[in-house]
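Asker: Questions regarding the structure given below will be posed in turn.
The values are calculated or read from the model by the stated rules, or taken from the named source; none is laboratory data. It should be emphasised that the depicted structure is a prediction, and the values quoted were computed from it without experimental measurement. A quick note on method: Cβ atoms are made from the backbone with ideal geometry, for glycine too, and the neighbour counts reach across all protein chains shown.
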């Protein structure tokens with residue numbers, strides 16, 4: 001693995017941009033390749049076989065780009081096919097979303113009542129529930145998991161803060177109000193774009209952004225493997241405590257990111273420019289299907 005090789009980031013659509021934003025924040029000296037399978041989004045209503053196939057094709061594409069690490073910025077893939085991706089990564093490190101978010105949720109929850117929202121496939125896989133219970137030191141734990149399948153298409157269409165989105169969010173989140181949770185894992189990388197609305201309905205609940213937790217792990221993993229990119233000027237990584245608080249955001253030049261999409265959606269660049277806060281390069285359309 002070459003220290004100067006890019007980091008590969010893969011998602012079904014625009015949701016992975018929330019992860020990319022955090023990766024850039026923690027690793028501003030790295031180059032990135034972003035692959036969005038926008039022609040086949042959403043993944044959350046697909047079968048396990050189909051999700052595994054899509055994940056395999058995305059992995060092959062990123063490996064052909066000589067990436068030094070792969071970030072699966074899709075909770076559905078992490079819940080269904082993460083082990084398969086790792087087995088086919090040719091020794092390239094693979095970082096998912098679930099484990100690190102589960103650890104953080106357990107650490108910051110005071111009453112050990114934790115909620116998870118995600119796609120139907122993620123919730124039905126019980127990936128988060130298994131991981132949280134595996135890591136929990138106490139059996140006195142209550143988990144509440146709910147699928148929010150319409151959130152992904154709403155975000156993909158740019159309906160971030162609209163009356164329709166608010167109405168749907170209310171329907172999805174109302175059951176969580178009665179559970180007494182103090183921590184909620186946003187178990188889909190699209191969902192951080194709806195943080196404002198979610199916080200309004202659940203004002204006293206800690207929201208766990210899986211992009212933050214996975215980005216911290218990527219930073220640590222690259223440091224352990226001596227794969228952090230060399231830079232011309234001294235740089236100190238952002239400071240963060242065990243709760244990932246008080247982390248400084250540095251004003252640095254626009255990062256070097258190559259964007260590849262399986263379909264050039266009309267909303268992608270608009271959403272990307274707004275979320276990432278810099279003008280992205282025009283995405284390149286690619287066909288990753290092995291059919």
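Asker: Determine which single condition residue 153 fails, assuming it passes every other condition in (1) outside the structural domain of residue 43 (by TED's automatic domain parsing); (2) more than 17 Å from residue 121 (Cα to Cα); (3) under 20 Å from the mean Cα position of the chain (by Cα).
Answerer: Here residue 153 meets the rest and fails (2).
Asker: Mind listing whichever residues of region 271-291 are more than 21 Å from residue 31 (Cβ to Cβ) and either more than 19 Å from the chain's Cα centre (by Cα) or surrounded by 15 or more Cβ atoms within 10 Å (Cβ to Cβ) (or both)? Steps first, answer last, please.
Answerer: Of all residues in region 271-291, those more than 21 Å from residue 31 (Cβ to Cβ) come to 271, 274, 287, 289-291.
Correct list: 271, 287, 289, 290, 291.
Asker: Can you pull out every residue in region 171-200 that is more than 21 Å from residue 156 (Cβ to Cβ) and either modelled with pLDDT under 95 or assigned to a helix (DSSP H, G or I) (or both)?
Answerer: 174, 175, 176, 177, 178, 199, 200 - these are the residues of region 171-200 that are more than 21 Å from residue 156 (Cβ to Cβ) and either modelled with pLDDT under 95 or assigned to a helix (DSSP H, G or I) (or both).
Asker: Scanning region 115-130 for residues that are in contact with a helix residue (DSSP H, G or I) (Cβ under 6 Å, 6 or more places away or on another chain) and part of a strand (DSSP E or B), which turns out surrounded by the most Cβ atoms within 10 Å (Cβ to Cβ)?
Answerer: This residue is 118.
Asker: Determine whether residue 138 is touching a residue at least 12 places away in the same chain (Cβ under 8 Å), outside the structural domain of residue 49 (by TED's automatic domain parsing) and surrounded by fewer than 16 Cβ atoms within 10 Å (Cβ to Cβ).
Answerer: Values: touching a residue at least 12 places away in the same chain (Cβ under 8 Å): yes; outside the structural domain of residue 49 (by TED's automatic domain parsing): yes; surrounded by fewer than 16 Cβ atoms within 10 Å (Cβ to Cβ): yes.
Criteria met by residue 138.
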